[in-house]
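Step one of this worksheet: look at the structure below.
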Amino acid sequence: MMKLSCKAMGADCGYEATGETAEEVKNKMMEHAKMEHKDMLDKMSDSEKKEMMAKMDEKMTVV
């Protein structure tokens, strides 16, 4: 099981995604971000979004 939280990504939000694979966790995080942090995502360039995805891999933990 893997997990990643918005707090680990630098956001002031209590959401935490869990899943069996890193891909599942990242997908859950992105769905959450699209709903709850849309304003932040809309301001990000494609390059910044790629950096965020790489940061997700770095910050994800195995539970």
Projected label distance in nm at M40 and M1, using a 7 Å step from Cα toward the beta-carbon: 2.4 nm
Relative contact order %, the chain, counting alpha carbon pairs below 8 Å whose residues are six or more apart: 41 percent
Inter-probe distance in nm under a simple model that places probes 7 Å from Cα toward Cβ, at E23 and D57: 1.4 nm
Neighbour-count order for V25, V62, fewest beta carbons within 10 angstrom listed first: V62, V25
Cα gyration tensor, the chain - rounded (a/c under 1.5), prolate or oblate: prolate
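Among the GluC sites (Glu not before Pro) in the chain, which ones are in a DSSP loop with at most 11 other Cβ atoms within 10 Å of the Cβ? Mind listing them? It would help to have the intermediate numbers written out before the result.
Working: sites: E16, E20, E23, E24, E31, E36, E48, E51, E58; in loops: E20.
Here the sparse-neighbourhood loop sites are E20.
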Likely footprinting exposure, K38, K59, fewest C-beta neighbours within 10 Å first: K38, K59
Per-residue ³J(HN,Hα) for the stretch 25-40, Karplus 6.51 cos²θ - 1.76 cosθ + 1.60, θ = phi - 60°, Hz, x for Gly and Pro: 5, 5, 4, 5, 4, 5, 4, 4, 4, 5, 8, 9, 10, 4, 4, 5
Helix-only [θ]222 nm of the chain, DSSP H runs n ≥ 4, -39500 (n - 2.57) each, per residue, nearest 500: -17000 deg cm²/dmol
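Readers should treat all values here as calculations from the given coordinates under stated rules, not as data from a laboratory. On a predicted model such as this, the values are computed, not experimentally measured, just so you know. Reconstructed Cβ throughout: ideal geometry from the backbone, glycine too, with neighbour counts over all protein chains shown.
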